[in-house]
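One structure is given below, encoded as structure tokens.
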Amino acid sequence: MIDYDAWDDDMVGKGYFAIVSSRDFGPEEVLRIYGLREASEVQYSILKSQEGMDTTRVHTTSGILSKFHCAFVSSIIRCEILLACKSLDYDTNVMIARIDRRIRVILSSPDAYTLSKAYRAEELKLLARFGISVDQLEEMAKSVAKRFGAEACSQVRRIPQTTNGDVQKRRGRGRPLGSKNKRTLQREAEESSRKIYEPEHTQVEKNKGGRPRGSKDKHPRTRRTKLEILQATSV
């Protein structure tokens with residue numbers, strides 16, 4: 001008996017398809033082996049549609065190898081960006097597009113380049129995962145301005161080192177040393193609010209200890225005679 005409801009569910013879920021195998025592995029194993037190609041297919045899709053490698057536009061073997069070498073390096077860089085975006089719960093393609101659009105070195109005057117200020121906190125957090133701060137971006141813009149109209153001595157470009165700790169550092173687990181917990185902060189806030197709305201006449205000064213000047217003893221003292229004083233001092 002055919003279960004048409006289950007059949008319809010499978011048709012809607014994955015659709016109908018057929019696979020021809022050279023060996024009888026069984027349907028489950030054949031489907032698992034066929035699914036292993038997904039990683040390579042996704043990578044080829046990224047190379048062609050996102051990294052612009054749908055055509056090489058060169059006609060020599062060395063040129064084609066050079067183009068694929070650049071694609072290989074760019075794929076490694078994109079993989080690192082993908083892992084950083086996953087840790088921050090960001091969409092990889094969206095963040096790459098935003099960084100490309102918002103973080104730019106623009107020509108502000110006929111002979112000066114400056115950094116665009118269109119970036120937001122999300123882009124800076126992603127760049128901080130790679131050790132890049134705003135100060136370093138500013139230095140990169142200055143280096144481009146210095147090369148304006150001058151001969152480039154080297155094609156090697158390194159990230160400039162800055163002393164400002166603008167890069168976000170990942171701290172360990174637990175509360176930072178010297179910080180207060182939430183209950184202590186809440187208690188201090190309540191005490192400060194009570195002091196603000198407390199009338200002045202209810203604020204009693206603290207007792208410094210001892211009998212106030214000019215006050216008398218609770219029990220009156222008995223006067224001693226001269227004879228009693230002499231007897232007390234002679235002992």
(request) Translational diffusion coefficient, Stokes-Einstein: compute it for segment 1-85 using the Kirkwood radius over C-alpha pairs as Rh, at 4 °C and 1.567 mPa s, and state it as an integer in µm² s⁻¹. (result) 78 µm²/s
(message) Within 10 Å of each candidate Cβ there may be at most 10 other Cβ atoms; applying that plus a DSSP loop requirement, which trypsin sites (Lys or Arg not before Pro) in segment 2-58 survive?
(response) K14, R23, R37, R57
(request) Find the accessible area per residue for segment 1-130; the probe is 1.4 Å, ligands and nucleic acids are left out, and the unit is Å². (result) 78 Å²
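What percentage of the solvent-accessible surface of segment 1-133, computed with a 1.4 Å probe over protein heavy atoms, is contributed by carbon and sulfur atoms? Write down the numbers at each step before the final one.
Values: 5900 of 10170 Å².
Taking all protein chains in place, segment 1-133 shows 58 percent carbon and sulfur surface.
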(request) Give a quick list of chymotrypsin sites (Phe, Trp or Tyr not before Pro) in segment 48-132 that DSSP marks as loop, anything other than H, G, I, E or B, with at most 13 other Cβ atoms within 10 Å. (result) F130
(request) Pull out a ≥ b ≥ c, the square roots of the eigenvalues of the alpha-carbon gyration tensor of segment 1-157, then state rounded if a/c is under 1.5, prolate if not and a/b is larger than b/c, and oblate in the remaining case. (result) prolate
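The values are calculated or read from the model by the stated rules, or taken from the named source; none is laboratory data. All values reported here derive from a predicted model rather than from experimental measurement. We place every Cβ from the backbone using ideal geometry, glycine too, and count neighbours over all the protein chains shown. What goes into the accessible areas is simple: the full protein's heavy atoms, side chains included, and nothing from ligands, DNA or RNA. Shrake-Rupley method; radii C 1.70, N 1.55, O 1.52, S 1.80 Å.
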